[in-house]
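The values are calculated or read from the model by the stated rules, or taken from the named source; none is laboratory data. On a predicted model such as this, the values are computed, not experimentally measured, just so you know. Cβ atoms come from the backbone with ideal geometry, glycine included; neighbour counts cover every protein chain shown.
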Amino acid sequence: MAIKDSPTFRRRRVAMELRRLREGAALTLEQASEHLECSPTKLSRMETARTPLHPRDVRDLLDLYGVTDEKVRETLTGLARDSRKKGWWQGYDDVLPAKFSIFLGLETAAFSIEAYRSQLLYGLFQTPDYARALMSVDVLRLSPEEVDRRVELRMARQELLTKEDPLRVWAILDESVLHRVVGSRQVMRAQLQHLLRLAERPNVVIQLLPYEAGPVLITAESFEFLRFPEPTDSPIVYIEHSTGGLYLEREEEVREYRNRVDHLIANGVSVEKSLAMIAAVAAEL
């Protein structure tokens, strides 16, 4: 599997531009959807990248919004066409929750991610044995074959860290993550040793939030703060929960989580001390 550009992100880029153009033309969803001969709900889903984009619909909307620049028109309709292609992760549709496929598309397109984990290890850092132990818990009710496929998918995602232009990750881990034994002591030892090897990569930073930091803004809610290559592409916050995930894109919400990331980093120990703590726990296992 080769990590490629994300069709999910292309769709999001076109969707954001269509919304901006409609608002610039001072048209409501109802007015624009009437021109497109569709419901306002469908147009709303197009503008929030929750439904596939047809190049014909994009062209019709550009006509309505008075966009005559051929370069802009070709770019947006081309992105809409490409957004209908399948992403690499869709080869795992048999075990991939539908809502999580959106996140994988955004993760693939991201330039950098700042992640916070309060109880379990960040997915891009997990070893196969650690991941398999997590996915084998009874409550998930997964068959051995489904577990194997999900582990395979998780390992495929990790190519983001080693590709030619790798994803930059700053992971803030609560200290409890080191002490929660997943699988066995041997699995945890190998997992922590893997963390130390990952930290040698120039695109990976691992920092611990120690017990001694006391209460901080958040201590239980795991999330990712995703940033993208183009300055015009605003960051997205993804918040994990047991039945799916929540995506935050509004400027004030993103700003709040930017502050939370900075707060966590400020309350964490240094990277050097973090790695020393990881090594010490691994040696005790």
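Contact map, segment 67-84: residues that are more than 16 Å from ARG13 (Cα to Cα) paired with residues that are surrounded by 14 or more Cβ atoms within 10 Å (Cβ to Cβ) and at pLDDT 80 or above, Cβ distance under 7 Å, separation 6+ or inter-chain. Pairs shown: VAL67/LEU21; VAL67/ARG73. For segment 17-59, taking the residues that are under 28 Å from the mean Cα position of the chain (by Cα) and among the hydrophobic types (A, V, I, L, M, F, W, C), the one that is surrounded by the fewest Cβ atoms within 10 Å (Cβ to Cβ) is identified as LEU21. Considering LEU62, LEU121, LEU96, the condition of being more than 25 Å from ARG168 (Cα to Cα), surrounded by 14 or more Cβ atoms within 10 Å (Cβ to Cβ) and either modelled with pLDDT under 80 or not aromatic (Phe, Trp, Tyr) (or both) is satisfied by LEU62 alone.
Count of segment 134-147 residues, restricted to those that are surrounded by 11 or more Cβ atoms within 10 Å (Cβ to Cβ), outside any loop (DSSP other than H, G, I, E, B) and either free of Cβ contacts under 8 Å to residues at least 12 places away in the same chain or of a type in the set (D, E, K, R) (or both), is 2.
All of GLU240, GLU221, GLU252, GLU230 fail the test of being part of a helix (DSSP H, G or I) and not hydrophobic (A, V, I, L, M, F, W, C), apart from GLU252.
Do we have LYS71 as of a type outside the set (Phe, Trp, Tyr) and either modelled with pLDDT under 80 or assigned by TED's automatic domain parsing to the domain that holds GLU200 (or both) here?
Numbers: of a type outside the set (Phe, Trp, Tyr): yes; either modelled with pLDDT under 80 or assigned by TED's automatic domain parsing to the domain that holds GLU200 (or both): no.
Judged against the criteria, LYS71 is not a match.
Screening LEU173, LEU160 for residues that are part of a strand (DSSP E or B), over 17 Å from ARG132 (Cα atoms) and under 25 Å from the mean Cα position of the chain (by Cα) leaves exactly one candidate, LEU173. For segment 121-133, filtering for residues that are in a helix (DSSP H, G or I) and under 22 Å from ARG201 (Cβ atoms) leaves 7.
Hey, among ARG150, ARG201, ARG197, which residue is in a helix (DSSP H, G or I), within 24 Å of LEU106 (Cβ to Cβ) and of a type in the set (D, E, K, R)? It would help to see each step written out before you state the result.
On the way: ARG201 fails: in a helix (DSSP H, G or I); ARG197 fails: within 24 Å of LEU106 (Cβ to Cβ).
Just one listed residue meets the conditions, ARG150.
Being of a type outside the set (A, V, I, L, M, F, W, C), under 25 Å from ARG132 (Cα atoms) and not assigned by TED's automatic domain parsing to the domain that holds ARG50, is that true of even one residue in segment 244-262? Yes: one or more hits.
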